[in-house]
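Below you'll find the structure, written out as structure tokens, and then a few comments.
The values are calculated or read from the model by the stated rules, or taken from the named source; none is laboratory data. Nothing here was measured: the structure is a model prediction, and the numbers come from that model. No Cβ is skipped: glycine too gets one built from the backbone with ideal geometry, and neighbour counts run over all protein chains shown. Heads up: the accessible areas ignore ligands, DNA and RNA and are worked out on the full protein's heavy atoms, side chains in. Shrake-Rupley method; radii C 1.70, N 1.55, O 1.52, S 1.80 Å.
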Amino acid sequence: MKRWDADQESAAEAPDLAALAALLADRTRAAFCMALLDGGAWTAGELAEYAAVAPSTTTEHLNLLVSGGLLAEERRGRRRYVRLAGPEAAETLENLAGLAPYRRVPVRSLAEANHRRALHHARTCYDHIAGALGVAIAETMTERGLLGRDDGPVLTAAGAAWLAGLGIPDAAPTAAHRAHVRTCLDWTVRRRHLSGAVGAALYRHALEHGWVVRAVATRILTVTAAGRTAFRDRLGLPDEALSPAPALAPPRA
């Protein structure tokens, strides 16, 4: 039997959590990632304008995020587009945002205050519903026995029947290795919303049937009149979960 030589060079693989943390330690890179939680593909110029940074700086940051595996890139003619690498990257970012401490940011107008109010109420998180609405959906589904939590989140038989009644007979993953049912720690209220293939299927259904509409160029979702009726009748969501909190007062001069 060959003896182990302590001087012999060897190597093994281990997750480099510090490398991932370093990617998000820069606020500009973190802002890019949060913007890309809309599930879309952005150009470097669009992200530069969004974060108010120089194009050359944007390119450097994007190269790091792509090489680090958080973003994927594609070429369309001469244009370079970037998007999140996949649903796992989106869920990781949302969970990290839920654990991160809050910091105060300036709110300079009533319009901006109401934008934040709407974003906190209902928004997309990559391909599923987040915000207070998303949390209410997950918690109500659990209370009604549609989701089980004995050994992680699972869709129960009652939950599968409920989805079938909506016209979603099979919410099995459509992408390789996509989890059937997952939850994300929502940064709005520090509770969990529904993600995974089931969360994505429910969001697609709500969008296609006009229960929610997505605001142009933002992640904000608005529950329609039809959606309020559907969420009440189909899931028993209370009225207070279906609309943003009362309007905020304008900031003082």
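Worth a mention:
- Number of positions in the stretch 174-200 that are more than 18 Å from His120 (Cα to Cα) and either in contact with a helix residue (DSSP H, G or I) (Cβ under 7 Å, 6 or more places away or on another chain) or surrounded by fewer than 16 Cβ atoms within 10 Å (Cβ to Cβ) (or both): 9
- Selection within the stretch 32-73: residues that are open to solvent by 60 Å² or more (accessible area, probe 1.4 Å) and in contact (Cβ under 8 Å) with a residue 12 or more places away in the chain. The member of this set that is nearest to Ala200 (Cα to Cα) is Tyr50.
- Residue in the stretch 207-221 that is modelled with pLDDT of 95 or more, of a type in the set (Val, Ile, Thr), open to solvent by 30 Å² or more (accessible area, probe 1.4 Å) and in contact with a Leu (Cβ under 8 Å, 6 or more places away or on another chain) present: yes
- For the stretch 74-115, the candidate set comprises residues that are of a type in the set (Ser, Thr, Tyr) and surrounded by 15 or more Cβ atoms within 10 Å (Cβ to Cβ); within that set, the residue that is farthest from Ala179 (Cα to Cα) is Tyr81.
- Look at (1) of a type outside the set (A, V, I, L, M, F, W, C); (2) more than 24 Å from Asp239 (Cα to Cα); (3) surrounded by 17 or more Cβ atoms within 10 Å (Cβ to Cβ) and you find that Asp151 fails only one, number (3).
- Flag for Glu91 being in a helix (DSSP H, G or I), under 26 Å from Arg232 (Cβ atoms) and among the acidic types (Asp, Glu): no
- Subset of the stretch 1-30 [assigned to a helix (DSSP H, G or I), basic (Lys, Arg) and either touching a Leu at 6+ places or on another chain (Cβ under 9 Å) or modelled with pLDDT under 65 (or both)]: Arg29
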